[in-house]
């Protein structure tokens, strides 16, 4: 039995139509179909895993034959979103990109192949240089065309100039404020602004609190005088050790010098 093989088993779906019943009866009446079904019934399959798989495969082939000859075959496909081609890209650049893509796939399979990795990196550098060269060439050609059309054909000049603008409006630079608004903004920069009374009171209170805290915790780097050291020595009691709250280590260090005087 010759069956159309142009549809693969992966992308194949079937649709039952009104005429499918008549087609199914016609296929079942054929001697080849009957022989295939009788052959399945009379085959002595082994009672094990291999026998079950063999019976399943043969039965699937019978059902597939009946379905393909009685139902409408619908080829399902996934529509790919075409990537917009850059204006400077040509066949040479496309071939290099395809080579880089193929080498990347091979490198995923053999990540430790040094020759493959060096080949991949070399083609990546070549692709970057080629893109840069193609861009510069495209810009020079556009500039020369605009220069030639500016005086000879203004209509084509404007048409070519409009084609270079961004299609996405988000990429356009928009002026946030007009020229009069900018002048008015800088005109009132030196004027006083009336703040709320509560805000002004809060600021003054915070300043006073910070000032009091600084005065209360006043710290100085002024060195000790001789009189201050003598007063500390007079407070020392004979026969008793002075604790750290009585005199600091710095004062104890200078005691021999002061007593020597």
### Query
Once both labels are modelled 7 Å past Cα along the beta-carbon direction, what's the residue 129-residue 213 spacing in nm?
6.5 nm
### Summary
the range 12-75 -> Rg/Rh from Cα coords, Kirkwood Rh, value 1.07
#### Entry: Rough spin-label spacing in nm, given labels placed 7 Å along Cα→Cβ, for residue 38 and residue 21
2.8 nm
### Task
Could you check the simple spin-label distance between residue 205 and residue 226, using points 7 Å along Cα→Cβ, in nm with one decimal?
5.2 nm
#### Entry: Dimensions in Å of the range 91-163 - Rg and Dmax from alpha carbons
19.4, 60
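No value in this document is a laboratory result; all are computed from the given coordinates. Everything quoted here is computed from the prediction, not taken from an experiment. Every residue, glycine among them, receives a Cβ derived from its backbone with ideal geometry; neighbour counts consider all protein chains shown.
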